[in-house]
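Undergrad: Structure below; questions to follow.
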Amino acid sequence: MVARLFTAPLAAVLAVGCTVGPAYHRSPVETPQQWREASATAAWPSPQWWQEFGSAELDGYVAAAKSANLDLAAAVARVEEADAQARIAGAPLLPTLDLAPRARRSRQVSPVTSNYTTNNDFATELSSSYELDFWGKNRSARGAARANAMASRYSREVVALTVVTSVAQSYFQVLGLQERLQVTRQNLANAQRVFDALELEYKMGTATQLDVVQQRTVLANASAAVPPVGQALAQAVNALAVLLGRPPQAITVATRSLDTIAIPEVAPGLPSELLARRPDVHAAEAQLIAANFDIRNVRAQFLPEFSLTAQGGVESRVLSKLFSSQSLVFDIGGQALQHLFTGGRLTGQLRYSQAHYRELLANYRKATISAYGDVEDSLVAIRGTRDTLAQQRAALESARTAFSLAQTQFQTGTLNLLALLNTQTALFNTENSYLTARLNQLQAIVGLYKALGGGWSGELDDARLAQSGEP
């Protein structure tokens, strides 16, 4: 009767199979046929896309960030942590083996004769235990850990891409602010020259006190505009230093103008290939695979657990006879365990795992939709900033010509001060608008590189390997 109680569940185990729960199937994703901002020459960026800007200084900063950025270093450490967790999760699939040598000497006193005896006891014990993973519980735990390890690798690529794009954007921002600071100082110098000329004319009686006061106001405003730009520039340099893992004092940007930066032509490939080039999408799916394994693991815990134990060794009171055949001892057995009442713990774990899977599924779908949206936004931004820059370039040429003519006419007395001041203000504003448009164009290009995955290309082969449960 007892034998039947143990052999019946074993037969059921062999008949049902090795795993409990549904296998992972990729959620269908709606893929657009083409981009709204389609290009005739479609190509994916290279892994070294930042070199397309033609700046050796930027190339050096990117290389420094890759080797010293602290966020990237933390991401690498998280990969190592996940690998260690995967190793821990795979340990229950193997038997445990323990060796316990022992030596003991004891003395006992007889209560009748008061004599004592001394005994020696020598033993060496080897014990082993192994849980039969009939339901795939341990394999599911290992699969979840492996998928999480893959997710950490993809997340590391996301961090690397974010770091590189942040370096490029911060570098361009520094260049733009350096140029803006130069323009602001030039505007201040022009205002000072006009003020000096008016003071001289006032002394000669050809200018009024009102003219001098008005220009003094312009001069004060031009002077007040310098410190905020200098502050923004210092903060941008500090931000770039943090990305490089260096103190701010160690950063000196030699390039002074955005005009030295080349404008690369970026055109995305087919939309159907985008998801394979976005590490964040891969990370989201790897987490989804891990959550599916978690569900299978919890479901397996509702079923009986079977384990084998074995102990063997030698024991003797005399050390010389310890390894003789008469000293051999052993103990072999098996055990079955069925959870009958857990207070709702297993049910709660199952519901939590299922809800967590639905959450990650929503995150995965959002990541795929966001990937297409990021590319479309970047393409629109590139087209808009390109058109804006062309218009601002033409406006800047006109403003410079107008200010040059105004200065000549003012000096000859054919133009009043108010017209000169208006022309000067228009030039200053146009120069700032041109610098903003130039910076926005470069930022939009960097944004498109990031939206396209930065030239990264990967498959989910490793995550699928974890899904299959194969070693």
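Undergrad: List the residue pairs whose Cβ atoms are under 9 Å apart, where the first residue sits in region 336-357 and is at positive phi, the second is of a type in the set (V, I, T), and the two are 6 or more positions apart or on different chains.
TA: none
Undergrad: Examine region 107-122 for a residue that is buried (at least 16 other Cβ atoms within 10 Å of the Cβ) and at pLDDT below 90, and state whether such a residue exists.
TA: yes
Undergrad: So, L132, is that one surrounded by 10 or more Cβ atoms within 10 Å (Cβ to Cβ) and within 41 Å of the chain's Cα centre (by Cα) or not?
TA: yes
Undergrad: Go through the residues of region 400-409 one by one and say whether even a single one is of a type in the set (V, I, T), part of a helix (DSSP H, G or I) and closer than 30 Å to P279 by Cα.
TA: Checking region 400-409: not a single residue is of a type in the set (V, I, T), part of a helix (DSSP H, G or I) and closer than 30 Å to P279 by Cα.
Undergrad: Has region 287-295 got any residue that is exposed (fewer than 14 other Cβ atoms within 10 Å of the Cβ), in contact (Cβ under 8 Å) with a residue 12 or more places away in the chain and either assigned by TED's automatic domain parsing to the domain that holds Q409 or touching a helix residue (DSSP H, G or I) at 6+ places or on another chain (Cβ under 6 Å) (or both)?
TA: no
Undergrad: Return the residue satisfying two criteria in turn: it lies in region 421-448 and is surrounded by fewer than 22 Cβ atoms within 10 Å (Cβ to Cβ) and modelled with pLDDT under 85, and of such residues it is farthest from A395 (Cα to Cα).
TA: L421
Undergrad: Now a separate question. Enumerate the pairs (first residue in region 86-98 and closer than 22 Å to E125 by Cβ; second residue anywhere and assigned to a strand (DSSP E or B) and among the small types (G, A, S)) with beta-carbon separation below 6 Å, excluding pairs fewer than 6 apart on the same chain, so at least 6 apart or on different chains.
TA: Short answer, once both residue conditions are applied: P95/S128; T96/S129; L97/S128; D98/S127.
The values are calculated or read from the model by the stated rules, or taken from the named source; none is laboratory data. Computed from a predicted structure; not experimentally measured. With ideal geometry, Cβ positions are generated from the backbone for all residues, glycine too; neighbour counts draw on all protein chains shown.
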